[in-house]
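This report concerns only the one structure given below.
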Amino acid sequence: LVSVTERTREIGLRKAVGATQADVLLQFLVEAVLLSVSGGVLGIVVGAVGAQLLSRTLGWATIMSVQAALLAFVFSVAVGVFFGYYPARRAASLHPIEALRYE
């Protein structure tokens with residue numbers, strides 16, 4: 001939602017030069033998915049490294065299954081799409097003239 005508010009003029013300009021609602025919706029959904037994918041990958045890597053460090057430091061046996069990592073990744077992407085849809089829809093519904101006047 002913050003991204004939409006900060007980029008209102010950009011959205012207005014894109015729509016004024018011919019971008020459709022679908023174009024704007026797709027742009028914001030792709031951004032949300034890319035952010036959630038990168039966050040999911042980073043989270044899995046940090047979690048795996050942290051688990052290995054704890055395992056070596058404390059002598060605990062840790063196992064990270066592929067299924068658990070895949071589930072975490074899919075959940076991360078699903079959350080990104082779910083919470084990215086409303087701001088994307090809001091951005092797509094902006095009227096170009098009102099968006100260009102926004103400050």
Going through the stretch 52-78 in order, the residues found to be more than 16 Å from Gly40 (Cβ to Cβ) and either aliphatic (A, V, I, L, M) or touching an Asp or Glu at 6+ places or on another chain (Cβ under 9 Å) (or both) are Leu53, Leu54, Leu58, Ala61, Ile63
Test: Ala48 is of a type in the set (A, V, I, L, M) and either within 13 Å of the chain's Cα centre (by Cα) or surrounded by 12 or more Cβ atoms within 10 Å (Cβ to Cβ) (or both): yes
Flagged in the stretch 60-103 as among the polar types (S, T, N, Q) and closer than 23 Å to Gly39 by Cα, in numbering order, are Thr62, Ser65, Gln67, Ser76
Considering residues that are in contact with a Lys or Arg (Cβ under 8 Å, 6 or more places away or on another chain), among the aliphatic types (A, V, I, L, M), more than 11 Å from Ala99 (Cβ to Cβ) and modelled with pLDDT of 85 or more, the number found within the stretch 1-29 is 1
Checking Ala22 against (1) among the small types (Gly, Ala, Ser); (2) surrounded by 13 or more Cβ atoms within 10 Å (Cβ to Cβ); (3) touching a residue at least 12 places away in the same chain (Cβ under 8 Å), which test does it fail? (2)
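The values are calculated or read from the model by the stated rules, or taken from the named source; none is laboratory data. None of these values were measured; they are calculated from a predicted model. Using ideal geometry, Cβ is built from the backbone for each residue, glycine included, and neighbour counts are taken over all protein chains shown.
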